[in-house]
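The values are calculated or read from the model by the stated rules, or taken from the named source; none is laboratory data. Being a predicted model, the structure only gives us computed values, none of them experimental. Counting neighbours? That spans all protein chains shown, and the Cβs are built from the backbone with ideal geometry, glycine included.
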Amino acid sequence: MLRPLAAWPQNKSRPSPILYGSVSCRFVFDNFYYSCYSNFMKNFSVSFQQSPYLLKYRFFPFREYLKEQFPYKVHKISLHAGFTCPNRDGRVGVGGCTYCANESFSPNVKGPYLSIKEQIKKGKAFHKQRYGAEKFIAYFQSFTNTYADVETLRLCYEEALADKDVIGISIGTRPDCITDDSIDLINGYTENYHVWIEYGLQSIHDATLRRMNRGHDYRTFLNAINRTKKTCIRICVHVILGLPGETREDMIETAKAVAGLNIQGIKLHHLYVAKNTALAKEYFEGKIQTLDMNTYIQLAADFLEHIPSDVTVQRLVGDTHGDFLISPVWKASKAEITSGISRELEHRGSYQGCLYKSEIPVRTNHLTSAPVLHIQGQDSKKPKLHTINI
Ligand code: SF4
């Protein structure tokens, strides 16, 4: 483990040599430690020189990524385009993922109808006035934003891109709901826009995915990633820490697998229990527990240590809106938890990617279960404006 080595020369708390027997053993042991430590610090210094954000935050925040990419202030505007989800309407499954209450993380799902154009207009006004944002990425967040025929998708995406201040698009979707045609459509925007697809993975472990009723397996995710990687689309992967039945080792396995995918972005969430979900029922029956904040901070830091430092971190904690949250209730804001993770990494003397090993083999089984091939048009739910800051 590199972690204790980084702190060793400063705090002089290296293990007593008595524990290690003879003088020659001590010599070998000390040399080994010095060699590991100097390699670690060499990599650390190089990483810091290449990535000043690592020195400041210990990870690569999305806002720093946006600053590197654009000469103006860019914010994301969260949109609900009126899609539903194949894991809710019966196409893949019913009831959705056990933790899913879209209203809890994207309140724009409820309320009066606003067109995408109107949502963009209001989102722009909000972010300009509150944060001084100048340009925007249209973030199709709610439900499954590729769950329609290509012409419907084109109309939706281009309604957002038509705004002169929208410089990019980010499309949240499921890995089993992306056809080659929709990938081609989205890839077509990369010539003139900054384009992301955000795939929900949550875990690489099929047992966990089954338990959460995700409705797809890891192979399906890899298939979507592999097809998307043949394009110029940037890929962001969503992961949840603290899923029922998962150990720290399971989560680290997910981190290592994601690290080897050569993606550009990651979003980490903690598992939370929201009202009106299957998970809430399990929670009240005492079948599941949620993480306390300090454990989450430790796990998130563990996870980031395995993720390459050039993968931008778009999110480090889940977000609930309104009174949907049942558990965990942490007495800290999102910003405080994020800076807690930074402090934890600093305290360890580590940083994002310090344990990343590019030679780690990635499970890449290209055989896949079938994606959702028959997709429906938009459902009739009318969205209302909701924006989030990044
Ligand atoms: S894929 Fe997303 S929208 Fe669909 S049920 Fe799961 S969390 Fe909800």
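Points worth noting:
- Scan the stretch 106-140 for residues that are over 16 Å from I167 (Cα atoms), within 24 Å of the chain's Cα centre (by Cα) and modelled with pLDDT of 95 or more and the total you get is 1.
- The condition (being in a strand (DSSP E or B) and over 30 Å from L299 (Cα atoms)) is satisfied by just one residue among I120, I167, I183: I167.
- In the stretch 152-183, the residue that is surrounded by the most Cβ atoms within 10 Å (Cβ to Cβ) out of those that are in contact (Cβ under 8 Å) with a residue 40 or more places away in the chain and among the charged types (D, E, K, R) is R174.
- Members of the stretch 308-357 found to be surrounded by fewer than 18 Cβ atoms within 10 Å (Cβ to Cβ), touching a residue at least 24 places away in the same chain (Cβ under 8 Å) and in a helix (DSSP H, G or I), listed by number: E346
- In summary, T208 fulfils each of the numbered conditions (1) within 30 Å of Q69 (Cα to Cα); (2) within 19 Å of the chain's Cα centre (by Cα); (3) surrounded by fewer than 22 Cβ atoms within 10 Å (Cβ to Cβ); (4) of a type in the set (S, T, N, Q) with the single exception of condition (1).
- Residue satisfying condition, being at pLDDT 95 or above and either within 16 Å of the ligand (Cβ to nearest atom) or of a type in the set (G, A, S) (or both), within set T173, T179: T173
- Pairing residues of the stretch 75-89 that are touching a residue at least 24 places away in the same chain (Cβ under 8 Å) and under 15 Å from D176 (Cβ atoms) with residues that are within 13 Å of the ligand (Cβ to nearest atom) and among the acidic types (D, E), at Cβ distances under 6 Å and at least 6 apart in sequence or on separate chains, gives T84/D379.
- When K275 is tested against (1) modelled with pLDDT under 95; (2) surrounded by 17 or more Cβ atoms within 10 Å (Cβ to Cβ), just one condition goes unmet, and that condition is (2).
- Residue identified as part of a loop (DSSP other than H, G, I, E, B), at pLDDT 95 or above and of a type in the set (A, V, I, L, M) among I235, I204: I204
- Scanning the stretch 278-291 for residues that are surrounded by fewer than 17 Cβ atoms within 10 Å (Cβ to Cβ) and within 30 Å of F59 (Cβ to Cβ) yields a single hit, Q289.
- When the stretch 220-266 is limited to residues that are aliphatic (A, V, I, L, M) and more than 24 Å from A301 (Cβ to Cβ), the one that is surrounded by the fewest Cβ atoms within 10 Å (Cβ to Cβ) turns out to be I233.
- Residue-level check: of (1) closer than 24 Å to L268 by Cα; (2) within 16 Å of the ligand (Cβ to nearest atom), A148 misses just (1).
- Among (1) exposed (fewer than 13 other Cβ atoms within 10 Å of the Cβ); (2) more than 16 Å from the ligand (Cβ to nearest atom); (3) modelled with pLDDT of 60 or more; (4) not aliphatic (A, V, I, L, M), the one test that S51 misses: (1)
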